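The values are calculated or read from the model by the stated rules, or taken from the named source; none is laboratory data. Remember, predicted model here, so these are calculated numbers, not experimental data. Because the Cβ atoms are built from the backbone with ideal geometry, glycine has one as well, and the counts that use them run over all protein chains shown. Calculation scope for accessible area: heavy atoms of the full protein, side chains included, ligands and nucleic acids excluded. Shrake-Rupley method; radii C 1.70, N 1.55, O 1.52, S 1.80 Å.
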Amino acid sequence: MMATPLHLLADPGQSTAYIVEPVAGADTLIVAFAGIGPRDRPPSFSFLNAIGELTASKIFVRDPHRAWYHHGVPGLGDSIDAVASALKDLARASGARRIVTVGTSVGGYAALVFGRLLDAEAVLAFSPPTFLGWSMRLRYRNARYLRDRLRLSLSGRLDHRYTDLRRLLRTPGRSPLAAQAHYAALDRIDAGYARRIRDVAGLTLVPHPCAGHDLVRRLRETGELPSLLAGVTGGPGRARAGLAPR
């Protein structure tokens, strides 16, 4: 068991920003990051049902600040670096040898950022934003989550080390991150995000012939999502197979 407070999956509550679900003897720890969600309530935890039955320890994380995790996560820390440090402690306490990060939308961005910071063995990101800078937003005519992005800038707490994932994932001296980024090929914004990281070593871009930012919902409806998630939770050989290009 993890030597940390356990938040019960049955009653996460709106004030709970993370959930720890340990599985004794599990070799893998999955960290699942939620997206921004609607404006009138905290974002819902992502993948609760989709990975709940997998034989792995899990940590579900959401950002009630709607700030791309730059304001941290209540209970884990007040910045990206502080959250990464807390997640490392939880990972050590879990006894798992492998860390896998998953996320959709802004949670996909977080899966890539924290996958890099946690030295995750595998990352599975769906429709991830790959840049936050205003110049890139103008270049790609990207107004998605514009109000939240403006609020993050005005807060003075935007960490510029994490505004361009192409730069972060190509950090000199670091091993390539084994990652898949799935995106809707007919969604102009998400296709633009994908183009930004197309030359990152270790990253496999997986386009899907559809439009819209709700790719995870579509994959759930087609039955593809469970196999994608299960493919990165086995042993190292199975994880590499699961991250191979389709």
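Couple of notes before you dig in:
- Within segment 154-198, restricting attention to residues that are in a loop (DSSP other than H, G, I, E, B) and touching a His at 6+ places or on another chain (Cβ under 7 Å), the residue that is most open to solvent (accessible area, probe 1.4 Å) is Arg157.
- Some residue of segment 64-85 being under 11 Å from the mean Cα position of the chain (by Cα) and surrounded by 16 or more Cβ atoms within 10 Å (Cβ to Cβ): yes
- The strands (runs of 3 or more DSSP E) found wholly in segment 24-114 and carrying at least 2 residues that are more than 19 Å from Leu215 (Cα to Cα) and in contact (Cβ under 8 Å) with a residue 60 or more places away in the chain occupy 28-33, 98-104.
- Any chance Glu21 is open to solvent by 30 Å² or more (accessible area, probe 1.4 Å) and touching a strand residue (DSSP E or B) at 6+ places or on another chain (Cβ under 6 Å): yes
- Taken over segment 86-129, the criterion of being among the β-branched types (Val, Ile, Thr), under 13 Å from Ile30 (Cα atoms) and open to solvent by less than 10 Å² (accessible area, probe 1.4 Å) is satisfied by Val100, Thr101, Val102, Val123.
- Hits in segment 199-212 (condition: touching a residue at least 40 places away in the same chain (Cβ under 8 Å) and open to solvent by 20 Å² or more (accessible area, probe 1.4 Å)): Thr204
- Filter result for Leu124 (at pLDDT 95 or above and in contact with a Leu (Cβ under 8 Å, 6 or more places away or on another chain)): yes
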